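All remarks here apply to the structure that follows.
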Amino acid sequence: MKLVVGLGNPGIEYATSRHNVGFMVVERLAQRHNATFKKMFWFPARLARVKTKSWALLEPTTFMNRSGKAVFGAMKKWRVSPAELVLIYDDVELELGEIRVRAKGSGGGHNGMKSVNDWLQTQKFPRIRVGIGPLPKQMNLIEFVLGDFTKDETFRLEKVVERAADAVESIFSVGIEQTMNTFNQPKKQD
């Protein structure tokens, strides 16, 4: 089984926030494959199974900085190795519309990634960083990431969510190296 995890915060008040772009990508994948999310009882998460591809799409229901507990629980239950995991999260250092695919690495200052790395005791798993930046100079980071996308940003958001979902599918079909070569190009402005 392959495990695709989108990071975000639970609750309707965060559903459209910048910090929830990971959830948006796994929800797009669920739509593409007619999968439905259900609450899990073994660990704190919502899960949708894509049976035709042997994928599990996961949204932790802990808050962002405790995401590792759900990821660890899912990996343990289904015996998923780090190489079979793809984690998707927001990155304020990338411009809105850009994504970066990596085979491994630290989470930088991202608290959700820090939690996952701590729980898994490894940084060697594929991840997709989805750009939500830049951070406006007059705004603090927490206010920015917990804020909603503007109307002007929504069109670009739709495109980057689609592109990140395409990157997940590419990782599983052609591998991480070819996916990085294809998707890590600078995003052209529309």
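Just one residue in the set R129, R156 is in contact with an Asp or Glu (Cβ under 8 Å, 6 or more places away or on another chain) and either among the aliphatic types (A, V, I, L, M) or outside any helix (DSSP H, G or I) (or both); that residue is R129.
Would you please name the residue that is modelled with the lowest pLDDT, looking only at residues in segment 14-27 that are small (G, A, S) and crowded, with 16+ Cβ neighbours inside 10 Å? My answer is S17. Taking the criterion of being closer than 23 Å to S81 by Cα and charged (D, E, K, R), the only residue of segment 4-37 that qualifies is E27.
Within segment 23-55, the residues that satisfy the criterion of being touching a Ser or Thr at 6+ places or on another chain (Cβ under 9 Å) and part of a helix (DSSP H, G or I) are M24, A30. Quick check: is even one residue across segment 100-120 touching an Asp or Glu at 6+ places or on another chain (Cβ under 7 Å), outside any loop (DSSP other than H, G, I, E, B) and crowded, with 22+ Cβ neighbours inside 10 Å? No, segment 100-120 contains no residue that is touching an Asp or Glu at 6+ places or on another chain (Cβ under 7 Å), outside any loop (DSSP other than H, G, I, E, B) and crowded, with 22+ Cβ neighbours inside 10 Å. For A30, indicate whether it is buried (at least 17 other Cβ atoms within 10 Å of the Cβ) and within 14 Å of the chain's Cα centre (by Cα). So A30 fits the description; yes. For segment 124-152, the set of residues classified as surrounded by fewer than 16 Cβ atoms within 10 Å (Cβ to Cβ) and farther than 17 Å from V21 by Cα consists of K124, P136, K137, Q138, M139, N140, listed by residue number.
The rows are residues; the columns are (1) out of contact with any Gly (no Cβ under 6 Å at 6 or more places or on another chain); (2) under 13 Å from G6 (Cβ atoms); (3) of a type outside the set (A, V, I, L, M, F, W, C).
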{"site": "F23", "(1), (2), (3)": "no, yes, no"}
{"site": "A30", "(1), (2), (3)": "yes, yes, no"}
{"site": "H33", "(1), (2), (3)": "yes, no, yes"}
{"site": "F37", "(1), (2), (3)": "yes, yes, no"}
{"site": "M40", "(1), (2), (3)": "yes, no, no"}
{"site": "P44", "(1), (2), (3)": "yes, no, yes"}
{"site": "R49", "(1), (2), (3)": "yes, no, yes"}
{"site": "K53", "(1), (2), (3)": "yes, no, yes"}
{"site": "P60", "(1), (2), (3)": "yes, yes, yes"}
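Could you look through segment 153-171, keep only residues that are over 16 Å from K2 (Cα atoms) and among the acidic types (D, E), and pick out the one that is surrounded by the most Cβ atoms within 10 Å (Cβ to Cβ)? It comes out as E153.
The values are calculated or read from the model by the stated rules, or taken from the named source; none is laboratory data. For clarity, every value in this text was computed on a predicted model and none was experimentally measured. Cβ sites come from the backbone with ideal geometry, for glycine too, and all protein chains shown count toward neighbours.
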